[in-house]
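Engineer: Provided herewith is a single structure, encoded as structure tokens, for subsequent inquiry.
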Amino acid sequence: MSTRFLLRDLACVLAICLCAVATSGARAIAQDLSTREDPDLQQVAVAYYVEKYRVEPEEALRRLAIQDRAAGIEDELTRLLGDQYAGIWYDHADRGRMKIGLTRRAEVHAGAVRVLLDRYGLGAEADLVPTEFSVAELERRQGAIRHEIADLIEAAHALTSYDTRLNKVVVTVLAALPAREEVRLKSLSALSWVFIRRIDIPTLAGEPISCNVTFCNSPLRGGREMSGAHGVCTIAFMARDRINPDQFWALTAGHCISLTGDTTWSARNEAGQVMVFGSTAYFTDADTSGSGGDAGIVSIDPWRSWAAPAPIPAVVVKGSAQTTYNPNYQIRATSFSSIGQILCRTGRTTGTECGEVFNLGADETTWYDGVFYHTRNMGEVDMCGSRSGDSGGPFYKNGRAYGILSSYVSIGPAWCYEGYQGVRGAENLLGVDVLLSQ
């Protein structure tokens, strides 16, 4: 869902709200955000939230502050709860409060979870919620269903995902299915831990996105153009090899490499000169690798001019209706995504936009030149703005890297979203670590 608010209108309303409310709580929120998030990027997130949930800008800002303070808590909860981690989510029907799922076996750690919340300044903004299944168990059950309906997924009639808020496996299907598929679906709908979502559209297939984002001078960074002989794509983040720390990589979408066949990639400086920066590419993309991921890396060859100065841990925030151009947005950490979380994405064609995570671990079926490609374990964001020119772009928020733009689906208002490869998964699939600022 793209934002319709103009910068000048939102800025004025936001300023009035923040100035008019003289409470210490409002000042604390503003101070907290000023040290954690770029003000222009936060305006995009606020505008999205205001439009979707029909709240005042001040309230949207307060709710986003909860999410920003929580950044990174997933890792600590996973270490604390182990295989009983049941995920977190943000409840927009309950004033944006953070919810933490606790299985019965995890309840013995409730006190430690409360201590952790207090350390993050979230003790008054979070609730512990009893859940039946951990994330690991949801993923196991999702895998079984994915195997059972693999032919429906391959035909773009169905996809699976999981939702920590529902604590269920989600099976999304077309509203009208052949009779034999309806019979199989009926058996799934009888399972208490399965949620069936019907979508009245002709197909669930989306499209991989090509790209040509903004050029700029060295050093290399995320959120900018990389071009091959047969296509152009976006660098998501800069990365370092885990085995050879002197080797830098440009991290992008795997389909950018697999669908073009290009192994030599270039970047354009501000004078418009196109110069090669890397000659070797590795990728994992849908069925071509068996991993189900969509991530690729292109080397930063040390003998080429783009290698000095060295790549930096930053992405470009594009100029848009609500942002000013910022080529040095610092990436300080990587993180997993959570249901209800607001993430932002850079795209050359559409500028900078933000949207809400509504699916995790999702299957995606895309088509290219009449061929279906199937990916797994994608995140999905309620954002409809991406177009040709955005693929491989970075998803980020509060100085953290979350994902890489993989695909988009736009079949009218009934079914419209963007899919992304999680950054942690991309790092592990390719043996690299995203560059982080100190």
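Engineer: Give the lysines reachable from K99 as a straight Cα distance under 16 Å; neighbours fewer than 8 places away on the same chain don't count.
Structural biologist: Straight-distance partners of K99: K168.
Engineer: What is the sum of charges, Lys and Arg at +1 and Asp and Glu at -1, for the other residues whose Cβ falls under 12 Å from the Cβ of D433?
Structural biologist: For residues surrounding D433, the net value is +1.
Engineer: Provide the net charge surrounding R242, with neighbours chosen by a C-beta distance below 13 Å and charges set as Lys +1, Arg +1, Asp -1, Glu -1. Could you put the intermediate results ahead of the total?
Structural biologist: On the way: positive: R240; negative: D241, D246, E427, D433.
That works out to -3.
Engineer: Pairs of Cα atoms under 8 Å, at least six residues apart: use those to get the relative contact order of region 95-201, whole percent. Intermediate results must be reported in sequence, preceding the final value.
Structural biologist: On the way: 117 pairs, mean separation 21.8, N = 107.
That works out to 20 percent.
Engineer: Please give me the summed charge of the neighbours of N269: other residues whose Cβ is under 15 Å from its Cβ, Lys and Arg +1, Asp and Glu -1.
Structural biologist: Values: positive: R221, R224, R268, R304; negative: E225, E270.
Result for the local shell: +2.
Engineer: Mind checking region 60-154 for trypsin sites (Lys or Arg not before Pro) that DSSP puts in a loop (not H, G, I, E or B) and that have at most 16 other Cβ atoms within 10 Å?
Structural biologist: Numbers: sites: R62, R63, R69, R79, R95, R97, K99, R104, R105, R114, R119, R140, R141, R146; in loops: R95.
Those satisfying the criteria are R95.
Engineer: Tell me whether region 129-231 comes out rounded, prolate or oblate; compute the Cα gyration tensor, take square roots of the eigenvalues as a ≥ b ≥ c, and use a/c under 1.5 as the rounded threshold.
Structural biologist: oblate
Engineer: Which GluC sites (Glu not before Pro) in region 60-135 sit in a loop by DSSP (not H, G, I, E or B) and have at most 15 other Cβ atoms within 10 Å of their own Cβ? Please report the intermediate quantities before stating the final value.
Structural biologist: Numbers: sites: E74, E76, E107, E125, E132; in loops: E125, E132.
Sparse-neighbourhood loop GluC sites (Glu not before Pro): E132.
Read-outs: derived from the displayed coordinates by stated rules, not from any lab. The model shown is predicted, which means the values in this text are computed figures rather than measured ones. Note that each Cβ is placed from the backbone with ideal geometry, even for glycine, and that neighbours are counted across all protein chains shown.
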